[in-house]
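Below is one structure, written out as structure tokens; comments come after it.
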Amino acid sequence: MNKWFKSGTPWIWMTGGAVSISLIMVIGLFILIGWRGLSFFWPATVYEFDMVDKQGNHMNVIGEIYDTEIVQKQQLIEAGITGLEDKGDTLERYLIKIGNREYVDLDFQWILETVITEKHIPDNIVVLERTKNGNFYGYIKAIQENGVALTLTQTELETELASRLSITQALKDKEHALLKGDIGRINFDLEKIRLKKRKLDLDGLLTTEKITDFENQSQLLRDEYLSLETQLFDYRKQALRDSVVITDMTGRDVVMPIATVLDFYLPNKMSFIEKVGHWFHQTGKFVSDDPREANTEGGVFPAIFGTVFMVMLMAVIVTPFGVVAAIYLHEYAPKNNLTKFIRIAVINLAGVPSIVYGVFGLGFFVYIVGGSIDQLLYPEALPSPTFGSPGVLWSALTLAILTLPVVIVSTEEGLSRIPSALREGSLALGATKSETLWRIIVPMASPAIMTGLILAVARAAGEVAPLMLVGVVKMAPTLPVDGNFPYLHLERKFMHLGFHIYDVGFQSPNVEAARPLVYATSFLLVTVIIGLNLAAIAIRNNLREKYRSLEH
């Protein structure tokens with residue numbers, strides 16, 4: 001036994017077991033987050049509860065069973081609930097998602113099993129997904145065109161609602177394309193003309209001819225805008241033509257414009273295949289749509305785009321700086337106390353709290369560098385800042401500094417593993433030191449460079465605290481990329497999946513509704529990080545195979 005311990009075999013098994021347990025825990029956590037998040041998009045059964053309150057009044061509640069819990073009878077009695085003397089020691093209560101926010105105080109309600117007289121699963125209950133106020137549960141009663149109800153059977157009502165909803169969605173898509181396209185371009189061009197005019201005025205070069213020319217250009221754009229505005233109002237008028245009448249759980253008929261409806265489905269009539277198709281449809285909308293309702297509804301596409309764009313921009317910035325710094329420290333810097341101090345400083349930088357980098361980025365990049373750029377290049381836009389306010393460029397630079405030590409250390413380790421005989425052989429054959437570096441040393445060290453980049457991307461994609469100071473916002477009106485020159489707008493603020501999780505999970509006015517979105521967004525963020533890492537790992541493996549022959 002003593003010989004076995006001395007051989008080191010137990011420690012190998014213990015290390016392997018610890019790694020296996022850690023891997024299983026990570027995978028289990030990932031699966032749990034994915035299950036809790038992605039199950040939110042499954043069409044849940046909608047129930048109708050017949051209930052009797054304390055006064056003996058009958059009422060109905062329609063909604064999904066969101067959660068259940070077992071409570072002690074004594075706990076309920078102490079809370080002031082009466083009539084439980086003949087009940088068991090424990091009772092079940094349901095958390096019902098009833099929606100219809102504009103007609104009820106809360107869209108989630110706890111219901112004790114003792115007040116429920118009957119529970120139904122009607123086939124014709126419809127769930128309406130709306131642009132605001134969340135879901136609406138009820139029964140389709142009629143479809144109106146210009147306020148006049150159409151004569152249709154129940155089956156025809158569902159078919160007609162689907163048809164008119166698709167027509168309305170097409171009109172809304174045209175309206176959105178017009179606002180983001182031509183109308184957005186006109187507003188952008190008008191602002192450019194205003195800034196050009198003000199710049200000439202500040203330089204003392206604004207003449208009467210220039211003023212006339214600017215006015216003519218602006219007038220042409222305004223005339224085009226008026227024409228497009230007429231078209232826009234026509235789309236909106238057509239979209240508001242149709243409405244649907246829904247009977248809610250109180251028996252009240254609610255007239256709802258179809259323009260406010262995004263989607264509808266009858267979950268209790270769906271087959272398993274239809275539910276699977278609906279799940280994929282809802283998951284796709286979550287990934288591709290914009291957020292709504294203070295980020296508690298809709299999708300997260302702007303946050304996905306902002307996260308990936310910022311991380312890629314950070315990678316483009318940090319890689320050359322980190323590689324050049326590592327090459328200097330390893331290949332050129334003299335072996336003295338100053339070099340040792342620099343290496344110690346680089347290692348210590350990795351331990352600085354990320355919020356400190358955020359404060360540095362806000363003070364140096366945003367206020368000093370960005371403010372100076374505004375003074376030099378964009379004086380006509382002042383006092384409104386262009387680069388002198390938080391934006392995606394400053395976020396990328398801040399995270400580049402944050403992850404720079406990782407890239408430097410990883411690259412230095414890769415350089416140190418390259419045999420000195422290769423350097424000496426290259427120099428002996430007549431190559432210069434710079435040629436040896438860029439043709440032999442750097443290619444061989446490229447897998448280590450990619451390893452540093454992988455670690456940098458993994459850390460940067462999950463950082464939130466510094467980004468809150470230098471660019472990330474709850475809701476960004478536009479993406480950093482659009483069709484207006486220069487197409488890449490690095491001065492704009494952006495959305496981020498990490499901040500979206502924080503905002504929805506801790507700043508949401510409706511915690512119960514937001515909880516599944518926290519899991520779904522967390523799962524998506526981990527997936528994005530894994531995707532970026534896998535892409536970098538594939539590139540690293542390709543480089544490793546490409547330059548493997550040089551090692552021999």
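Looking at Ile401, Ile408 in this structure, which one is under 21 Å from Pro320 (Cβ atoms) and more than 24 Å from the chain's Cα centre (by Cα)?
Unique residue meeting the criteria: Ile408.
Looking at segment 508-529, which of its residues are among the β-branched types (Val, Ile, Thr), more than 18 Å from Leu32 (Cβ to Cβ) and over 11 Å from the mean Cα position of the chain (by Cα)?
Residue satisfying the conditions is Val511 alone.
Determine which member of the set Thr319, Thr307 is of a type in the set (S, T, N, Q), modelled with pLDDT of 85 or more and over 30 Å from Tyr519 (Cβ atoms).
Thr319
Going by the structure shown, is Ile373 surrounded by fewer than 24 Cβ atoms within 10 Å (Cβ to Cβ), in the same structural domain as Gly462 (by TED's automatic domain parsing) and either outside any helix (DSSP H, G or I) or aliphatic (A, V, I, L, M) (or both)?
Answer is yes for this residue.
Output the residues belonging to segment 503-525 that are of a type in the set (Val, Ile, Thr) and either buried (at least 18 other Cβ atoms within 10 Å of the Cβ) or at positive phi (or both).
Val504, Val518, Thr521
A quick yes/no check of all residues on (1) at pLDDT 80 or above; (2) surrounded by fewer than 13 Cβ atoms within 10 Å (Cβ to Cβ); (3) under 21 Å from Pro267 (Cβ atoms):
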{"residue": "Gly88", "(1), (2), (3)": "no, yes, no"}
{"residue": "Glu102", "(1), (2), (3)": "no, yes, no"}
{"residue": "Asp105", "(1), (2), (3)": "no, yes, no"}
{"residue": "Phe108", "(1), (2), (3)": "yes, no, yes"}
{"residue": "Ile111", "(1), (2), (3)": "yes, no, yes"}
{"residue": "Val115", "(1), (2), (3)": "yes, no, no"}
{"residue": "Lys132", "(1), (2), (3)": "yes, yes, no"}
{"residue": "Asn135", "(1), (2), (3)": "yes, no, yes"}
{"residue": "Lys141", "(1), (2), (3)": "yes, no, yes"}
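Scanning for something under 30 Å from Val406 (Cβ atoms) and surrounded by 15 or more Cβ atoms within 10 Å (Cβ to Cβ), does segment 278-300 turn up at least one residue?
Yes, that holds for at least one residue.
Does segment 133-164 hold any residues that are within 16 Å of Pro257 (Cβ to Cβ) and in contact with a Ser or Thr (Cβ under 7 Å, 6 or more places away or on another chain), and which are they?
Residues satisfying the conditions are Gly138, Lys141, Gln144.
Say whether the condition of being in contact (Cβ under 8 Å) with a residue 60 or more places away in the chain, of a type in the set (S, T, N, Q) and under 21 Å from Gly462 (Cα atoms) is met by at least one residue in segment 339-357.
For segment 339-357, residues in contact (Cβ under 8 Å) with a residue 60 or more places away in the chain, of a type in the set (S, T, N, Q) and under 21 Å from Gly462 (Cα atoms): present.
Given the conditions (1) over 29 Å from Gln154 (Cα atoms); (2) surrounded by 13 or more Cβ atoms within 10 Å (Cβ to Cβ); (3) within 32 Å of the chain's Cα centre (by Cα), and given that Lys196 satisfies all but one, which numbered condition is not satisfied?
Evaluating Lys196 over (1) over 29 Å from Gln154 (Cα atoms); (2) surrounded by 13 or more Cβ atoms within 10 Å (Cβ to Cβ); (3) within 32 Å of the chain's Cα centre (by Cα) leaves (3) as the failure.
Give all pairs with beta carbons closer than 8 Å in which a residue from segment 495-523 that is free of Cβ contacts under 8 Å to residues at least 40 places away in the same chain meets a residue that is assigned to a helix (DSSP H, G or I) and among the charged types (D, E, K, R); count only pairs at least 6 apart in sequence or on separate chains.
Within 8 Å, the pairs are Gly505/Arg515.
Looking at segment 534-549, is at least one residue surrounded by 21 or more Cβ atoms within 10 Å (Cβ to Cβ) and at pLDDT below 90?
No: segment 534-549 contains no residue that is surrounded by 21 or more Cβ atoms within 10 Å (Cβ to Cβ) and at pLDDT below 90.
Could you list, in sequence order, the residues of segment 79-118 that are outside any loop (DSSP other than H, G, I, E, B), among the charged types (D, E, K, R) and over 30 Å from Thr260 (Cβ atoms)?
Glu92, Arg93, Glu113, Glu118
The values are calculated or read from the model by the stated rules, or taken from the named source; none is laboratory data. Predicted, not measured: the structure shown is a model, and the values here were computed from it. Using ideal geometry, Cβ is built from the backbone for each residue, glycine included, and neighbour counts are taken over all protein chains shown.
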